[in-house]
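Here is the structure we will look at, set down as structure tokens.
The values are calculated or read from the model by the stated rules, or taken from the named source; none is laboratory data. Just so you know, these numbers come straight off a predicted model, no measurement behind them. Cβ placement follows ideal geometry from the backbone for every residue including glycine, while neighbour counts extend to all protein chains displayed.
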Amino acid sequence: MIDAIRLERFKNFRDARLTLGPFTVIVGTNASGKSNLRDAFRFVHGMSRGYTLAEIIGEKYVEGGVLQWKGIRGGTREVAFAGEHDFRLTTGLRVADSRGFGSARRLEHRIQVDVADNRLGPRLLRESLHAGSSAIYDSHPHNDPPDQEGPPYLFVRLPRDYHNRKHGKRLRFLDNRPVLTQLPDHKEAKKAYRESAQACAAALESMRFLDLAPEAMKSPSLPGQVILGDRGENLSSVLQAICQDDDKRRAVAEWIRELTPLDVVDFEFVPDQTGRVLVTLIESTGQRTSAYSASDGTLRFLAMIAALLGPDTADFYFLEEIDNGIHPTRLHLLLQLIEQQARQNGLQVVTTTHSPQLLGMLSRGSREHASLVYRLEGQTAGHIRRLVDIPEAQRVLEEQNLSRLHESGWLEDAVAFAETAEASE
Ligand SMILES: Nc1ncnc2c1ncn2[C@@H]1O[C@H](COP(=O)(O)OP(=O)(O)O)[C@@H](O)[C@H]1O
Ligand SMILES: [Mg+2]
């Protein structure tokens, strides 16, 4: 689990730190930096995939010209804060102890990237991995031998106690790719170090970023495609895979009944001529609604359920604009679903929203990890502050919670939901 990320000179953050819990809500107005935070998480995730820095920030194509990875918005020119030449990201995470004691170890990974040189592309300025207070590796510049300074290599010194040498062992790495994914293959590095780097990379590998789009969710998909795309691609085949299990099929129907005004009792996956399926919701009256004509809100619920209950879930989810297209009275249930899944299956979920109202719907535990992202009038730099550190916000939320007790009943909710659903179609 990632417990903190610090952004220095990254996008619109000069120096900001976000702490995370099992469920982390980031609230902020437009252009405050919510999606820039997502970009920071995408960068650290990109590191784990063995990509070069140019690929992480730019794009990664595989054979056949297929786009495998979409980089950071704005590319190398806009990744550093206000024209700066470099940025640094520090990620704190807990990983299972490799010695099998069942306890978690806290690792901290730091990476500083130079994006000034257009000719050579982005390169590492410094990178280190720490366990507690000791460094597993650190590429402090003084490690560079005088004759081989600078690109294309980076020198990392491993602590000496493992190697019984005066200054520890110096290893050479390319400076165009995170050491994190080079170290595990370095033959001269001790097993304990390789394993720590591997554990860190593995923890960052299982991350998904959802930015759901109705067109993508309405596209038929081939049975067997069980990974939900970032925009909700493969929704139908992922749901089909979930529905193979009768208990899960019932659970999905139950959630849809709760989250939407539809009285869904079952699902159908009818293949078209190409073998692709599109999910159809069957109501108790026999009424059938395919994904083509389902409301955006319903599709979003289905996609979030597919992501969290799917056969191939990730450890970490970043959901963009969770309240988009979803009626406030239903949002409350969606948050419950997420909190429940995060708790039961040990998932970590981060979501952005521009609706402060949503904060009033969070459980006490989740509220502790909610943060506000904001920019002061006339300033470029964004700031992050935990909600619990803003006394005024607490009071407002308590009042909002009281007013929620007077909220309308199920019928009014259903009517209101149907209206917004119709309006958005
Ligand atoms: N390198 C940068 N330096 C300073 N500001 C930046 C940089 N890159 C993007 N921004 C600013 O970040 C803002 C967009 O932030 P974004 O995260 O997309 O907002 P939102 O909170 O709506 O998701 C824009 O105002 C843009 O000018
Ligand atoms: Mg955004």
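Residues in the range 301-333 that are within 16 Å of ligand 2 (Cβ to nearest atom), assigned to a loop (DSSP other than H, G, I, E, B) and of a type outside the set (Val, Ile, Thr): 320, 321, 323, 324, 325. So is residue 289 among the hydroxyl-bearing types (Ser, Thr, Tyr) and modelled with pLDDT under 90 or not? No.
Residue-wise test of (1) farther than 24 Å from residue 347 by Cα; (2) assigned to a loop (DSSP other than H, G, I, E, B); (3) modelled with pLDDT of 90 or more; (4) of a type in the set (A, V, I, L, M, F, W, C).
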position: 76; (1), (2), (3), (4): yes, no, yes, no
position: 88; (1), (2), (3), (4): yes, no, yes, no
position: 92; (1), (2), (3), (4): no, no, yes, no
position: 100; (1), (2), (3), (4): no, yes, no, no
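Among the residues making up the range 334-355, those that are in a helix (DSSP H, G or I) and among the hydrophobic types (A, V, I, L, M, F, W, C) are 334, 335, 337, 338, 342. Restricting attention to the range 222-248, the residues that are under 23 Å from residue 326 (Cβ atoms), surrounded by fewer than 24 Cβ atoms within 10 Å (Cβ to Cβ) and not basic (Lys, Arg) add up to 5.
If you check 76, 29, 24 for being more than 16 Å from ligand 2 (Cβ to nearest atom) and hydroxyl-bearing (Ser, Thr, Tyr), only one passes: 76. When 322, 326 are screened for being β-branched (Val, Ile, Thr), away from ligand 1 (no atom under 16 Å from the Cβ) and within 21 Å of residue 297 (Cβ to Cβ), only 326 passes. Residues in the range 267-280 that are surrounded by 15 or more Cβ atoms within 10 Å (Cβ to Cβ) and either part of a strand (DSSP E or B) or at pLDDT below 95 (or both): 267, 269, 277, 278, 279, 280. Within the range 55-77, being within 13 Å of ligand 1 (Cβ to nearest atom) and either farther than 13 Å from residue 113 by Cα or without any contact (Cβ under 8 Å) to a residue 24 or more places away in the chain (or both) holds for 72, 73, 74, 75. Remark: residue 66 matches the filter, which requires a residue to be more than 22 Å from residue 139 (Cβ to Cβ) and either surrounded by fewer than 18 Cβ atoms within 10 Å (Cβ to Cβ) or more than 19 Å from the chain's Cα centre (by Cα) (or both). Residue count for the range 349-361 satisfying the condition of being within 21 Å of the chain's Cα centre (by Cα) and modelled with pLDDT under 90: 5. The residue that is surrounded by the most Cβ atoms within 10 Å (Cβ to Cβ), among those in the range 178-205 that are outside any helix (DSSP H, G or I) and modelled with pLDDT under 95, is 189. Within the range 51-59, is even one residue part of a helix (DSSP H, G or I), more than 15 Å from ligand 2 (Cβ to nearest atom) and under 17 Å from the mean Cα position of the chain (by Cα)? Yes, the range 51-59 has at least one match. With the structure loaded, tell me whether residue 39 is within 15 Å of ligand 1 (Cβ to nearest atom), in contact with a strand residue (DSSP E or B) (Cβ under 7 Å, 6 or more places away or on another chain) and modelled with pLDDT of 95 or more or whether it fails that test. No, not satisfied. When every residue of the range 119-127 is checked against the conditions, at least one turns out to be surrounded by fewer than 13 Cβ atoms within 10 Å (Cβ to Cβ), farther than 25 Å from residue 350 by Cβ and away from ligand 2 (no atom under 16 Å from the Cβ).
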